[in-house]
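This report concerns only the one structure given below.
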Amino acid sequence: MADWSSLSDRVEVVGFTEHIGTEDELAEALAGFDIVVTLRERVPFPASLLARLPRLRLLVATGTRNSVIDLAAAERYGVTVCGTASSPTPPVELAWALILGLARGVVAENTALRGGGPWQSTLGADLHGRRLGLLGLGKVGSRMARVGLAFGMEVVAWSRNLTRERTDAAGVALAASLEELLSTSDVVSVHLALSDRTRGLLGARELAWLKPTAYLVNTSRAAIVDQEALIDVLERGAIAGAGLDVFETEPLPADHPLRSTPCLLATPHLGYVTEGNYRRYYGDAVEDIEAFLAGSPIRRLG
C-alpha cells in the first residue's frame, strides 16, 4: 500500500499478520522496535505497555485521532506519536451496505439462491419515505444524511451538543431527545465518538424505545451499544435487525454469541478498510517516519 524503498537503507520493515492477544505478548513482540505503526484504534497503547517498550521512539497511528494511546504517558517516556490522513467516506459506504443488506434480505436471498433454497423468500423493507435517525452529525454522520436524503428518506439527528444550526445546514431535523430519535426512526445509525458520555449510551432501556420494525446499525464504536442488551432484543425479535462492524472483543471469538444471533448482519471491522484509505494511511506513515528521522516530526498527535 506504500513505497517503503525510501527508508530501506535506514529502517528494516517487519510486518505482523497474526493477532496478538495480550499486553504481555505485545510487549514481548515489540520490545526490539524503535518505530511502530499501528492501525487506527485496534491495539491499545496504555502507560503500562509503553513502560515496557524502552526502545520505542516513534508510534505512528493511522488516522487523525486515537483514544487508545496514552499520549501523556508517551510524552513521559519520550515517544513521539504521529497520525495520518484518513477519509470519512469508506465507513459511510459500509454503513449503507449494512442498511441495504438488512432492508432487502441480501444475505438470506443470496444464500438461498446459491444453495438451491427457496426462490425469493423475503419481503424487503422500503427506505423511501421512511425515517433515518442519526446519532451524531459529524464528518461521517453528515455524509450519511446526504445519502439518506438522496434515497428519499426523512433524516433526523441527535447528539448531546448538536444544534439546530448544524442540522439546518445539513438539511435534516433535530430530534428533541434520544428517546424521540429512537422511538420514531425506522433505521438508526450510530456515528458518535466514544467517550465517558457515549459509553453504554444505548442500553436495555434505550433499545426498548426502538420500533419492532426498526434496524440498528453501529459502525462507530462497540462500547456505545450494550452488547448483551442488543443480543437480547435480537433474540426476542424486539427489533427487525441490526448491522454491526465493531465488537467489544476483536477478533470475535469463534464461540461468541454474536456469531449465531438471529437478524444480525455483521462484518469484521471493515469500516475504514479500503484500498484508497490504506494507501493514504501507509503513504503518510512513510512520510511520518522520514520526517521523524530527519528530526522534524509531522502530524503529531496530542
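Here are a few things to note about the model shown:
- Total formal charge among the other residues, if their Cβ is under 14 angstrom from that of Phe247, Lys/Arg +1 and Asp/Glu -1: -4
- For Val37, residues with placed amide H under 5 Å, excluding near neighbours: Val60
- Helical mean residue ellipticity (222 nm; -39500 (n - 2.57) per DSSP H run of 4+; nearest 500) of the chain: -9500 deg cm²/dmol
- Springs between Cα atoms under 10 Å define the GNM used for the chain, and in it the highest mean-square fluctuation of Gly203, Gly148, Gly116 occurs at Gly116.
- DSSP bridge orientation in the chain - percent antiparallel, rounded to nearest 5: 5 percent
- Net charge of neighbours whose Cβ lies under 14 Å from the Cβ of Ala170, counting Lys and Arg as +1 and Asp and Glu as -1: +2
- Residues Ser87 and Ala294, FRET efficiency given R0 of 25 Å [Cβ-Cβ distance, rounded to 0.05]: 0.40
- Sites Arg57 and Trp119, calculated FRET efficiency, Cβ-Cβ separation with R0 45 Å, nearest 0.05: 0.15
- Placing pseudo-labels 7 Å out from each Cα toward the beta carbon at Arg236 and Ser177 gives an inter-label distance of 2.0 nm.
- Surrounding net charge for Arg205, when Lys and Arg each add one and Asp and Glu each subtract one, Cβ distance under 10 Å: -3
- Karplus-derived HN-Hα couplings along the range 93-105 (A = 6.51, B = -1.76, C = 1.60, θ = phi - 60°), whole Hz, x at Gly and Pro: 4, 5, 4, 6, 4, 5, 4, 5, x, 5, 5, 10, x
- Calculated FRET efficiency for the pair Leu7/Arg146, C-beta based, R₀ 45 Å, to 0.05: 0.70
- Simple spin-label estimate for Glu165 and Val68 in nanometres, 7 Å along Cα-Cβ: 3.6 nm
- Near Ala173, the amide H atoms lying under 5 Å from its own belong to Val155, Val156, Ala157; only residues 5 or more places off or on other chains count, and H is placed 1.01 Å from N.
- Once the Cα-Cα distance is subtracted from the 0.36 nm per residue extended length, the Arg279 to Ser195 segment shows a gain of 27.4 nm.
- Inter-label distance, nm, simple model (7 Å from Cα along the C-beta direction), Ala254/Thr267: 2.6 nm
- For the chain, with +1 on Lys and Arg beta carbons and -1 on Asp and Glu, the positive-most of Ser5, Leu207, Gly283 along the dipole: Leu207
Read-outs: derived from the displayed coordinates by stated rules, not from any lab. The structure presented is a predicted model; accordingly, all values stated were derived computationally and were not measured. Using ideal geometry, Cβ is built from the backbone for each residue, glycine included, and neighbour counts are taken over all protein chains shown.
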